[in-house]
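For reference, the structure is listed below as structure tokens.
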Amino acid sequence: MLGYFGVLIFMAGEGLEQNWLSPFLQQHGLTAHQASTIFTVYGLMVAISSWLSGVLAEIFGVRKVMTIGLVLFFVGSFLFLVFGIPTYNFSVILPTYAVRGLAYPLFAYGFLVSVAYEAPRERLGGAVGMFWLVYAGGISVLGTGYSNIMLYYFHMENLHLLWTALIFVAVGAVIALSLSGKKSAQNNYPEDDETHSLKHLLKGLTIVYEKPKVGIGGLVRMINTSAAYGFSVFMPTFLFGMGYAENAWLEVAVYLWMGNVVFNLIFGAASDKLGWRNVVMWFGCIGCALSVMAYTYCISIHADLFTIKICAAVYGALLAAFVPLSAIMPNLAPENKGAAMSILNFGAGMSYFFGYAIVMLFQGIIGNFGVMYIYIGLYFVAAALMIFVKVQQYKNETIDREVGVAIEETL
């Protein structure tokens, strides 16, 4: 459990600026388009690193990959904080912040590989669920809550707050690294493991052609959290421009992700009874579309902040209804479950890029409300896509069991 605690602390440091960095940069001379471009490139790096992290962990070992991620984070942060933020130079901030996007998936998903090796098979699904709980809890709840307190109650300067992130990351890394990778060292693999791992990576690319439904599932996963991530780019200035307090979004974001963390486990268990596909389609896709509509409407009529927080919490809870995709995807390719899971992970990484890119491309054309309507429309598109994702679910199949089997085959 201490290893999970290390990941929680690490992710809190890694993501503490994500819900306030965009307006901060705009206050110091960058345009909204430049700020969204910075996040879009960051999201692309996250997607690439998420795709490669599992294979690199197999080839080089968990601890080496986690350490590489840690080093990249410190190098990127140093350049970002010493040369980027003090000068507010877009050309410097863009690449240095992008390095941080490469960093954390190597560390976090490297730890996930370690969990897959060390947890007993019958408990593997629950162990992976715990990983995603601390992942979301750290980056989106603890990090955001800490930022809100330090910025608006203790009035710490933004640059100083960013430096404290290195303390969180260092402490979390020490804890996680000391307790992970013991059963997944490189010497556990046969000599041709590099070839095997690279073949597996290529299989993850070709399976979308061999099994189109797997590709559809990856698209649904990409849509899943794209709005939630996109919100962090424009929602702070959007709410402030609508007359809410400067820190309103930080408070709303905590409610959103607290709802998500709580309901991750609830929807996982409920879907075993109600059906994986039903939960994703109706609670996830349709539920998120309707909750974002309600959230948008409340902003448009200048509802009180508490009402907006409740709408955000409901949206966050319904985001968790996409959890059954972790069981659906491997069942769409039963003879190649590992490759199907790779597509799921890639979709999760692309969710950052896609959510940020929508803001970058459309905010200046159709405005903030227009961007919200795009996100709403995408959830309806995801619901339509899920019509084609038919999977046989037997009585003895649970998410824990399917995730466990799929991860075993991945590794």
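The values are calculated or read from the model by the stated rules, or taken from the named source; none is laboratory data. Note that the coordinates shown come from a computational prediction; the quantities given were computed from them, not determined experimentally. As a convention, Cβ positions derive from the backbone with ideal geometry for all residues, glycine included, and neighbour counts pool all protein chains shown.
Worth a mention:
Residue-by-condition table, conditions (1) under 17 Å from TYR379 (Cα atoms); (2) in contact (Cβ under 8 Å) with a residue 40 or more places away in the chain; (3) over 20 Å from the mean Cα position of the chain (by Cα):
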{"position": "TRP257", "(1), (2), (3)": "no, yes, no"}
{"position": "THR307", "(1), (2), (3)": "no, no, yes"}
{"position": "VAL314", "(1), (2), (3)": "yes, yes, no"}
{"position": "LEU325", "(1), (2), (3)": "yes, yes, no"}
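- Given (1) closer than 21 Å to LEU30 by Cα; (2) part of a helix (DSSP H, G or I); (3) touching a residue at least 24 places away in the same chain (Cβ under 8 Å), index of the condition PRO86 fails: (2)
- Restricted to the stretch 100-205, the set of helices (runs of 4 or more DSSP H) holding at least 2 residues that are modelled with pLDDT of 90 or more and touching a Ser or Thr at 6+ places or on another chain (Cβ under 7 Å) comprises 158-178.
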